[in-house]
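What follows draws every value from the coordinates through simple rules; no lab data is involved. No experiment lies behind these values; they were computed from the predicted model shown. Neighbour counts are summed over all protein chains in view; Cβ atoms, including those assigned to glycine, are modelled from backbone coordinates with ideal geometry.
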Amino acid sequence: MKNACIRNSCHILILVAWLLLCTPASADLHGWVIGIDPGHGGTDPGAVGPTGLQEKAVNLTTSLGARAFLVRQNATVYMTRTDDAILSLSYRANFMNSLDVDRSICVHHNASGSPDPNWHLTYVAGGDAWATSGNLADDVTHRVTDWNGLGFGWSNCGREGVYEENFYMLVYTTMPAILPEISFISNPEEELRLYQNRYCYGNGRGIFYGLMDHLGGWDMVSSTSDPDQLLIPSEFGVSQNYPNPFNAETVIPLELPQRSRLRLDLFNVQGRNLGRVFEGIKNAGQAEIRYNASTLASGVYFYRITAEGLERDGSYSDVGKMVLLK
Ligand SMILES: [Zn+2]
């Protein structure tokens, strides 16, 4: 009997060891926090194409594409902007640092005084401290150019399509960071491609694929093939507001399967209704409500979000908790 027990526990140990060996260390991107910074915005259009397409818009579309793919693989994604906000570089770097993101991606498109140039280049900070950034830049560069078919710009660090440059967002962030210049908006044919959301989403998918290569997330991938389908979620959803605690502005991310009317009501800890602080209509896809609580005192608040579908039947309601610290 004793021998049988020892033999059985041996079998169990072997089974456990086998499971450990066979179980991927990282099943998908669950637990990874990715920060995406669409370059420029507001009064700063960035580079402008020959017929007037603005880089700030293309950067945003590409970033929203990357986010949609990343969220499908369970990554946590924070974006410095999801609309036409104007943000300083120090705000953008602080955003990444204070939210403790694991990887920071600043999305840009390049421009030249001549119409001819059109290639891809990913910038990283120079030096050994940024070796991980260089590895990520390698993966993103290869995946993005797989999609857009472009060649690489001149390299100064021995990595194809990667250039070392101590840009603000690369050296003032505390995590591995890259700044891909996806393509040249100043090239007339490229500008025509960049007008198409589907093309930009494909570049966003290249960023996502590069992160999957870099972080080892390939073991449990659900379907990620169609850039068009990925951007519309199948169900309503509300994520935790960020930052939280906050002072005085916070963002509540939403997933909307259809164009919806949204309401945000606020309650104190005693459950007293403090009134409606947002009401408006948002399109299907990844949306968000920005709430500025500068008129409130520090404390814990609850919010209720209700969404009412405007394209077909469907409504949704959820409650969250936020902490205002002034
Ligand atoms: Zn730019």
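Which residue fluctuates most in the GNM of the chain (Cα springs below 10 Å): Ile252, Ile36, Ile105?
Ile252
Compute the distribution of all C-alpha to C-alpha distances in the stretch 89-241, in bins of 5 Å from 0, and list the percent of pairs in each, rounded to whole numbers.
With a bin width of 5 Å, the distribution comes to 2, 9, 17, 19, 20, 17, 11, 4, 1, 0.
Given the DSSP H assignment, sum -39500 (n - 2.57) over each helix run of at least 4 residues in the chain and divide by its residue total; what's the result at 222 nm in deg cm²/dmol, nearest 500?
Mean residue ellipticity at 222 nm (helix-derived): -9500 deg cm²/dmol.
Taking the Cα atoms of the stretch 166-302 alone, what are Rg (to one decimal) and Dmax (as a whole number) in Å?
Computed over the Cα atoms of the stretch 166-302, radius of gyration and Dmax are 19.6, 60 Å.
Calculated FRET efficiency, Thr132 and Thr43, Cβ-Cβ r, R0 30 Å, to nearest 0.05? Each step should come with its number before you reach the end.
Numbers: r = 34 Å, r/R0 = 1.15.
Calculated value: 0.30.
By DSSP, what percent of the beta bridges with both residues in the chain are antiparallel, rounded to the nearest 5?
Beta bridges within the chain, antiparallel portion: roughly 70 percent.
Would you kindly compute the Cα radius of gyration of the stretch 87-126 and its largest Cα-Cα separation (Dmax), both in Å?
When restricted to Cα atoms, the stretch 87-126 yields Rg and Dmax of 14.1, 40 Å.
If you bin the C-alpha pair distances of the stretch 65-155 every 5 Å from 0, what whole percents do you get?
Taking all Cα pairs of the stretch 65-155, the binned fractions are 2, 10, 17, 21, 22, 18, 8, 2, 0 percent.
On the first, second and third principal axes, largest extent first, how far apart are the outermost C-alpha atoms of the stretch 54-107 in Å?
29, 27, 14
Across 10 Å bins from the origin, how do the percents of Cα pairs in the stretch 237-324 run, short distances first?
17, 52, 26, 5
What's the exposure ranking of Ser133, Ser294, Ser112, going from fewest to most Cβ atoms within 10 Å?
Neighbour counts put them in this order, fewest first: Ser294, Ser112, Ser133.
In nanometres, what is the gap between the two model label sites at Glu279 and Val323, each 7 Å from Cα along Cα-to-Cβ?
Calculated label separation equals 3.2 nm.
Among Asp116, Asp84, which comes first, then next, by fewest other beta-carbon atoms within 10 Å?
Ordered from fewest to most neighbouring Cβ atoms within 10 Å, Asp116, Asp84 come out as Asp116, Asp84.
Would you list Val300, Val238, Val77 from fewest to most Cβ contacts within 10 Å?
Val300, Val238, Val77
Any chance you could get the radius of gyration and Dmax over the Cα atoms of the chain, in Å?
Considering the chain through its Cα atoms, Rg and Dmax are 22.5, 84 Å.
Among the complete DSSP H segments of the chain, which ones combine at least 15 Å of alpha-carbon extent along their axis with a mean Kyte-Doolittle hydropathy of 0.0 or more?
Qualifying helices: 2-22, 55-72.
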